[in-house]
1. Consider the stretch 651-667. How many of its residues are surrounded by fewer than 20 Cβ atoms within 10 Å (Cβ to Cβ) and either more than 23 Å from residue 504 (Cα to Cα) or not charged (D, E, K, R) (or both)?
2. Let me confirm something: among 635, 654, which residue is assigned to a strand (DSSP E or B), over 23 Å from the mean Cα position of the chain (by Cα), closer than 17 Å to residue 496 by Cα and at pLDDT 90 or above?
3. Across the stretch 759-798, what is the number of residues that are of a type in the set (Gly, Ala, Ser) and outside any helix (DSSP H, G or I)?
4. Only residues that are farther than 20 Å from residue 619 by Cβ, polar (S, T, N, Q) and either touching a helix residue (DSSP H, G or I) at 6+ places or on another chain (Cβ under 7 Å) or at pLDDT below 80 (or both): list them for the stretch 421-468, please.
5. With the requirement that a residue be of a type outside the set (S, T, N, Q), surrounded by 17 or more Cβ atoms within 10 Å (Cβ to Cβ) and touching a helix residue (DSSP H, G or I) at 6+ places or on another chain (Cβ under 8 Å), what does the stretch 215-234 give you?
6. Given the residues 502, 507, 521, 542, which is the only one that is in contact (Cβ under 8 Å) with a residue 40 or more places away in the chain and surrounded by fewer than 20 Cβ atoms within 10 Å (Cβ to Cβ)?
7. Considering only residues that are buried (at least 21 other Cβ atoms within 10 Å of the Cβ) and of a type outside the set (A, V, I, L, M, F, W, C), which ones fall in the stretch 330-354?
8. Within the stretch 384-399, work out how many residues are modelled with pLDDT of 70 or more and either exposed (fewer than 15 other Cβ atoms within 10 Å of the Cβ) or farther than 30 Å from residue 39 by Cα (or both).
Amino acid sequence: MFKNYFLVAYRNLIRHKGFSFLNIAGLALGLTACLLIGLFVHDELQFDKFVPQGDQIYRIYSERTKTETPETLAPVPPMYATTMKQEFPEVEQTTRILMESSVDLLEVGDKKIYVENGLIADSTFFEIFPLDFKYGSAAHALDAPMSMVLAEDVAKSFFGDENPVGKQIKMNKTSFVVKGVLQNNLSKFHLKVNSVIPLSAAQLPKERMKKWGWHQFFTYVKLRPGTDAQQTQAKLRSYVAEKVNPTLPEDDKVTDLSFLQPLHEVHLYSANFKYDSSVKGNITYVKALGFIAAFILLIAGFNFVNLSTAKSMQRAKEVGIRKTIGASREQLMLQFLSETVLLTLVSVVLATVLTALLLPSLNTFTGKTMTFDLLTNPGLLGVLVLLTVVVGLVAGFYPALVLSSFQPVKVLKSAVVTDSVFGRVQWLRHGLIVVQFALSVFLIVCALVVFRQVSYLHNKDLGFNRDQIMFFPMRGDNMNKHYDTFKNELQQVPGVASASIGYGFPGDQVAGDGIIVPTNGEDKEKGVTQLMVDYDYLKTLGLQLVTGRDFSQEMKTDKDQAFIINETAVKELGFGTPDKALGQTLKWKVWNNKNPDSLKIGKVIGVVKDFHYKSLYDKLEPAVLQIFPGAYWKVAVKLKADNIGSSVEGVKQVWAKFSPESPIEYKFLDNNFDQMYKAEDKLKSLLWIFTGIAIFVGCLGLFGLATYAAERRKKEIGIRKVLGASVGSIVSLLSKEFLVLVLIAAVIAFPAAWLAMSRWLQDFAYRIDMPLWAFLAAGLTAAAVAFLTVGYQAVRAATMNPVNNLRAQ
């Protein structure tokens, strides 16, 4: 019996090639999009799942609530780990990672390589994260101050396939001993790890490690089995409020709220965390892609149902004959469901091939290493089989129900099926078209809004000139000791407009610290961003002074007694206007290990126009610029537009003169900012791609329905032409029904798109207004696509010889 069902299904598939192609192509494209998105979403959800007892591991983070806009900070002070380990019996172990963004120079013999993502961590790091070792072991790997653990790829770069445990390697000219090599299986770890050295190697001052206000460590705790994390979180807050704050000066009291974040949430739920160096995903984008996959699958499924029910008109007599010779309704339903499953199977096979072909491109685009191997992953094969059966049965159930319900007497007497069921079928088809195009319009609006916001991020005036600025860290004692001479020689290079050395350039690491403002005889500390600059910082970046003057080497007091602030600082520090800010006194607790209590007291000599030194996710903060050579470590070189290549070579030659033992490693400042919005750039591209797929799949169904409508009304069209109807009037007759459905779809989609995009835009401190033209453009695009799709068939039907139409049975 089933053999006969599938034989008949095969014959119908071959006989109606056009409709079969539309059905298979639409469903295959929809399934391909779903499979690709599904692989991506599954990959994102796998982060940190491999860590043993990961459900007991939490990251401590804090929320600063005293600011105008609450801030979530990934790093916390060092005393959190110390206190929880000593005072909380429910805490099994803790570990800290120093917040560091430098690129390390590793050397073995004559081979020198710059390596990012080097961790400086407590010796307990591998107790919290027992990563797999290829050589050596996690036990005691970081106990010795000068020990180092390498990632497999880094170790191979220096030692090949040889076991390097016990061998020497230099990091930034300091010798370390390799204690272990990690296996190359950390793609699903939320931390990028190329090397790990113990915190003791950093030789941090003991006084600093006792601070409750130095937010410099990513801190993890492992709770004992059965511990309630929420209770531990509440206990930590109470401990800080009741036992820590009473021991601290008023200005140093802890006001931040502390939270315990489950390890498996770190990757996807930290998109808004500040100063976070973990591998960030975004649960909002993952959910959005999941919804898009569901949308596309719905569109493809509705397309399938629409075409199948429309085609059922032509199979009414077949049903009538089968019923007449004794076929039951259940047998007919099995027959038509078999056809649906066969079509779905062909679509799934085609989708599997397309997914395998497209996955390498998706991996390149996302930077992932996803695989789609049915032989080594039987679970994936099971998903495809399940998908075939479920999609086939669900998509084919209603068409099978309709077809099997025909009454033999009515369908055999009439050339046209007039059964009342078809009134309901027509409403079903119209409803499915509305849903298809509502989803398409929704995606078009979202794609346009995302495109507009991403363009805004890349093109907004940031308040400084970021073009043609070469950017690199200083290296070596000679360069650090003679930075003035190094800078002067850089400025002599042909093609160099100016150069600046400092700490806190836009798009790079900046320091959050306090500034003391004397107010009514009382010193009040305010949180600000500290930018340690030199005398050419404003000139190199093209910052604009609102009032006052720039730092000047001719003014000997500028080094130790002068500050420049931004416009936001004028408001936040309570100075009223930029002019009133000039001459105001500020005090700063100097970063000085030898004398941590020393104060720098100076006057505000200038106010610069606000400039965005962070991404546009972050609201502008008060910034204080000051001369402080003790923090200098980065160099910005402004190049002239002419012959940049030779200018770069000139900079390299000056570098080689001062630091011949270290190769130069540079970037351009505009690239730094572009990198900030990589996630949004990818979202924009993915939205365009999947929106295009959704529209194309919808058009396939619309094309099939338009073909059917023209076929069903060909006698009517022939009569109208004989009576003098124009081609335009016939096209209008066949098209207006579908255009009305698109209009209804747009009315449904617009509010949903407005709500979704309004929420998405809230993530940005600086964002576009909701563009009303995007909604108009989406509606017109959908209408145009529908008209062109239907219009093609309408014109074709309207230009046919009416005699042929009238002769048709």
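The values are calculated or read from the model by the stated rules, or taken from the named source; none is laboratory data. Everything numeric in this text was worked out from a predicted model, so none of it was measured. Note that each Cβ is placed from the backbone with ideal geometry, even for glycine, and that neighbours are counted across all protein chains shown.
1. So the count comes out to 9.
2. Result of the check over 635, 654: 635.
3. Going through the stretch 759-798 one residue at a time, the tally reaches 1.
4. Within the stretch 421-468, 426, 436, 440, 465, 468 meet the criteria.
5. Those that are of a type outside the set (S, T, N, Q), surrounded by 17 or more Cβ atoms within 10 Å (Cβ to Cβ) and touching a helix residue (DSSP H, G or I) at 6+ places or on another chain (Cβ under 8 Å): 217, 220, 221, 222, 223.
6. Result: 542 is the single residue among 502, 507, 521, 542 that is in contact (Cβ under 8 Å) with a residue 40 or more places away in the chain and surrounded by fewer than 20 Cβ atoms within 10 Å (Cβ to Cβ).
7. Across the stretch 330-354, the qualifying residues are 335, 338, 339, 340, 344, 347.
8. Counting residues in the stretch 384-399 that are modelled with pLDDT of 70 or more and either exposed (fewer than 15 other Cβ atoms within 10 Å of the Cβ) or farther than 30 Å from residue 39 by Cα (or both) gives 6.
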